[in-house]
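As structure tokens, the structure follows; a few thoughts come after it.
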Amino acid sequence: MTMRDKIKFIINNYFDWRFFWLDPTEKQEKIKIQSNLFINQNPDGEKKFIELFKSNFPEYKISKVSYFIDEDRCLCYEVIIDQTKYFCCISIFNYFLFYEFSNSSKKHINPGENKIVDQIYFNSVSKSFKDIEWITNEELIEPIEQFNSGYNQDPCDELDNPIYVGDLLSRFH
């Protein structure tokens with residue numbers, strides 16, 4: 001299954017236009033079910049990840065910043081590497097996202113762009129969680145047209161904050 005097909009499956013099964021623009025919908029219950037499934041498939045994943053991270057990278061700091069996996073759609077950790085702040089997100093949809101924060105800007109780290117992040121993924125994340133795929137920035141920033149049109153019931157309305165693939169996978173996108 002291609003990445004586009006996987007994302008389309010997530011959109012069709014877990015999200016709808018109302019999810020982002022109106023009151024909560026029945027789709028949120030499916031997200032709770034998916035978050036429970038993710039935890040059940042990875043019962044020691046979070047503990048193993050922290051242990052592996054700390055043993056492989058004792059010079060770096062890590063702290064959990066998300067405690068409501070179904071609301072955040074991910075487990076999220078703040079990581080400090082050489083005084084630079086990063087966020088590591090492990091999505092309930094089996095995707096890995098890693099962001100660098102500097103000067104109030106956010107930059108997604110792609111596979112192969114940062115040797116340390118590559119090591120974190122291969123030595124800690126992929127050994128702790130089943131079938132975790134590292135999504136690229138190109139895939140994350142793809143807009144989801146059916147959520148970005150029809151805002152306020154008028155498809156001509158411009159959106160200040162359009163919905164992207166990354167917004168589905170993690171509230172921290």
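The values are calculated or read from the model by the stated rules, or taken from the named source; none is laboratory data. On a predicted model such as this, the values are computed, not experimentally measured, just so you know. Here the Cβ positions follow ideal geometry from the backbone for every residue, glycine too, while neighbour counts run over all protein chains shown. For accessibility, only protein heavy atoms count, side chains too; no ligands or nucleic acids. Shrake-Rupley method; radii C 1.70, N 1.55, O 1.52, S 1.80 Å.
Some values worked out for this structure:
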item: Selection status of residue 73, among the basic types (Lys, Arg), open to solvent by less than 70 Å² (accessible area, probe 1.4 Å) and modelled with pLDDT under 95; result: yes
item: Any chance residue 79 is farther than 23 Å from residue 30 by Cα and part of a helix (DSSP H, G or I); result: no
item: Residue 34 being open to solvent by 60 Å² or more (accessible area, probe 1.4 Å), farther than 28 Å from residue 104 by Cβ and assigned to a helix (DSSP H, G or I); result: no
item: Residues that are outside any strand (DSSP E or B), modelled with pLDDT under 95 and out of contact with any strand residue (DSSP E or B) (no Cβ under 9 Å at 6 or more places or on another chain), drawn from region 82-136; result: 82, 83, 103, 104, 130, 131
item: Within region 1-31, considering residues that are among the polar types (S, T, N, Q) and either touching a His at 6+ places or on another chain (Cβ under 6 Å) or not in a helix (DSSP H, G or I) (or both), the one surrounded by the most Cβ atoms within 10 Å (Cβ to Cβ); result: 25
item: So residue 92, is it buried (at least 17 other Cβ atoms within 10 Å of the Cβ), in contact with a helix residue (DSSP H, G or I) (Cβ under 9 Å, 6 or more places away or on another chain), in contact (Cβ under 8 Å) with a residue 40 or more places away in the chain and within 19 Å of residue 141 (Cα to Cα); result: yes
item: Any hit, region 110-117, residues being under 15 Å from the mean Cα position of the chain (by Cα) and under 15 Å from residue 166 (Cα atoms); result: yes
item: Hits in region 69-89 - residues which are among the basic types (Lys, Arg) and touching a residue at least 24 places away in the same chain (Cβ under 8 Å); result: 73
